[in-house]
1. Would you mind stating whether LEU167 is at pLDDT 95 or above and surrounded by 15 or more Cβ atoms within 10 Å (Cβ to Cβ)?
2. Does GLY183 count as within 20 Å of ALA38 (Cα to Cα), surrounded by fewer than 16 Cβ atoms within 10 Å (Cβ to Cβ) and out of contact with any Asp or Glu (no Cβ under 7 Å at 6 or more places or on another chain)?
3. Hey, can you tell me all the residues within the stretch 37-66 that are at pLDDT 90 or above and over 20 Å from GLU112 (Cβ atoms)?
4. Being modelled with pLDDT of 95 or more, touching a Gly at 6+ places or on another chain (Cβ under 6 Å), closer than 30 Å to GLU179 by Cβ and of a type outside the set (Gly, Ala, Ser) is true for just one of GLU121, GLU135. Which residue is that?
5. Could you please let me know if LEU159 is modelled with pLDDT under 95, open to solvent by less than 10 Å² (accessible area, probe 1.4 Å) and over 26 Å from GLY30 (Cβ atoms)?
Amino acid sequence: MRSLALVLLALLTVLTVLLHRGASAAAKPGDLRLSGIASELARRHVTIRCEGLSGALTGAGGESGRTEFVDGKPVSVSYLQEGVCQTLHSYARSLRAGPACLLPCERPLEIEWSLNTLAHESYHLAGVRNEAATECYALQAIDFVARRLGASPDQGRALAAFSFDQLPRRMPPEYSSPECRDGGRLDLHPGDPSGP
């Protein structure tokens, strides 16, 4: 009986080690380009990791990204759906190909959703927990994120305007605030006519 217990314990130890190694091997490193943009918005060094195997923009729970808070403070890593990361990198490559449409020629809604997801999680990394405030700040950062990926100032402004028009109606109610307007409490640049 004792030898059976030792064999089971040894098997359990081997299984634990193999599972740990498998999980470590499956973990993806941070995305340097997206982490750099997020760090600028969060105003601290943070990491963006892409997760999931499919090219979907949302996961099983309907979320495109997630950031955890521990004891009221954000961790330093946010996770974006693989499809969001793929869309952002594809958009950057299309911009390098040369002058194109003012708005993305293909899949503009997917691109603005992905830009918004990166900005949204970046503001969570900056410590903003309230979803309405986070989303309002993210909408105001669409231009910034697009330009960091290679968009021209005109393309960035067009994407920001398109996002303010299209995204709020696609979000759950807790992601909107009447203060997300030009001169509102959540306006990051009061007096700037290109604001919310």
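1. no
2. Details: within 20 Å of ALA38 (Cα to Cα): no; surrounded by fewer than 16 Cβ atoms within 10 Å (Cβ to Cβ): yes; out of contact with any Asp or Glu (no Cβ under 7 Å at 6 or more places or on another chain): yes.
For GLY183, the condition - within 20 Å of ALA38 (Cα to Cα), surrounded by fewer than 16 Cβ atoms within 10 Å (Cβ to Cβ) and out of contact with any Asp or Glu (no Cβ under 7 Å at 6 or more places or on another chain) - is not met.
3. Filtering the stretch 37-66 down to residues at pLDDT 90 or above leaves 37-51, 64-66.
Result: SER39, ALA42, ARG43, ARG44, HIS45, VAL46, THR47, ARG49, GLU51.
4. Numbers: GLU135 fails: touching a Gly at 6+ places or on another chain (Cβ under 6 Å).
On inspection, the qualifying residue turns out to be GLU121.
5. Working: modelled with pLDDT under 95: yes; open to solvent by less than 10 Å² (accessible area, probe 1.4 Å): yes; over 26 Å from GLY30 (Cβ atoms): no.
Taking the combined requirement at face value, the residue does not satisfy it.
Per-residue answers, yes or no, for (1) within 15 Å of ALA146 (Cα to Cα); (2) at pLDDT 95 or above; (3) acidic (Asp, Glu):
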position	(1), (2), (3)
SER3	no, no, no
LEU8	no, no, no
THR16	no, no, no
SER24	no, no, no
LEU32	no, no, no
SER35	yes, yes, no
CYS85	yes, yes, no
SER90	yes, no, no
SER94	yes, no, no
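The values are calculated or read from the model by the stated rules, or taken from the named source; none is laboratory data. None of these values were measured; they are calculated from a predicted model. A quick note on method: Cβ atoms are made from the backbone with ideal geometry, for glycine too, and the neighbour counts reach across all protein chains shown. All accessible areas refer to the heavy atoms of the entire protein, side chains included, with ligands and DNA or RNA removed. Shrake-Rupley method; radii C 1.70, N 1.55, O 1.52, S 1.80 Å.
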